[in-house]
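Single-structure report; data block below.
What follows is calculated from the coordinates using simple rules that are stated; it is not laboratory data. Only a predicted model underlies this, so the values are computations on that prediction, with no experimental measurement involved. Cβ placement follows ideal geometry from the backbone for every residue including glycine, while neighbour counts extend to all protein chains displayed.
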Amino acid sequence: MTTDYGPLELLIGRWEGDAGLDVAPEPAGEVHNPYRETIEFCAIGDVTNAGHQTLAAVQYRQRVSRLSDGKVFHDESGYWMWDAERQRIMQSLVIPRGVCLLAGGHVENTEDGVRLQVAAGNGEWGIVQSPFMHEHARTCRFEHWIEVGGDRLSYAETTIIEVYGRRFVHTDRNELSRDRH
Ligand code: HEM
């Protein structure tokens, strides 16, 4: 049987966008980084858990570079998973700072596609980080939505970090187009 990717089907492919805006912490305040990025979503099939949960999975890789100097300053990979029976989605992600998480949520239909919405750090869905990050730059909460329809994808994510002796709201958002090449 072929895999039913449900709402994740709309993500599959390669996306590009150069209208990103990152707001990140600095010791004395915050820095705003306009960015461009590519995100590639690959269909990788399905798995069965405990004999009665089937998850369809899409693996992704996101590479983000600063517009000012072209430097890649964020590299992230993970999976989006769809549980058709329970109508639930999950996103796992890992970033090479020693931080990973598993966020859970739901899907809504939009005019021309879907809105995927997940969160972690709320008691139910977890964040795992190195002892260093736990002590000095702790990720406490993560919220993320993606809207996708046709050849357009937009997202916003909010990561709450305890760093430099305060609670910082680290945000990222962008609009991407499907790369047809
Ligand atoms: C487009 C996505 C993202 C971009 C462009 C981005 C960019 C940045 C930047 C510029 C910094 C400041 C430190 C530095 O100069 O490297 C930073 C810090 C950090 N980010 Fe992100 N970030 C993104 C997403 C995320 C996500 C999804 C998480 C975790 C769920 C995360 C967690 C952190 C943490 C823990 C820090 C450390 C705080 C510090 O020491 O400054 N970021 N990020």
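Which pairs do you get when a residue that is over 27 Å from I12 (Cβ atoms) and touching a residue at least 24 places away in the same chain (Cβ under 8 Å), found in the range 27-51, comes within reach of a residue that is surrounded by 11 or more Cβ atoms within 10 Å (Cβ to Cβ) and among the aromatic types (F, W, Y), reach meaning Cβ atoms under 6 angstrom, with the pair 6+ apart or on two chains?
If the second residue must be surrounded by 11 or more Cβ atoms within 10 Å (Cβ to Cβ) and among the aromatic types (F, W, Y), the pairs left are P27/Y164.
Among (1) farther than 27 Å from S130 by Cβ; (2) surrounded by 16 or more Cβ atoms within 10 Å (Cβ to Cβ); (3) basic (K, R), which single condition is R86 missing?
(2)
Going residue by residue through the range 139-161, is there one that turns out to be more than 18 Å from the chain's Cα centre (by Cα), part of a strand (DSSP E or B) and not polar (S, T, N, Q)?
No, because not a single residue in the range 139-161 is more than 18 Å from the chain's Cα centre (by Cα), part of a strand (DSSP E or B) and not polar (S, T, N, Q).
Residues being within 15 Å of the chain's Cα centre (by Cα) and small (G, A, S): count how many of those fall in the range 18-32.
1
Kindly list the number of the only condition in (1) surrounded by 16 or more Cβ atoms within 10 Å (Cβ to Cβ); (2) more than 14 Å from the ligand (Cβ to nearest atom); (3) assigned to a loop (DSSP other than H, G, I, E, B); (4) not charged (D, E, K, R) that fails for G104.
With respect to (1) surrounded by 16 or more Cβ atoms within 10 Å (Cβ to Cβ); (2) more than 14 Å from the ligand (Cβ to nearest atom); (3) assigned to a loop (DSSP other than H, G, I, E, B); (4) not charged (D, E, K, R), G104 is out only on (3).
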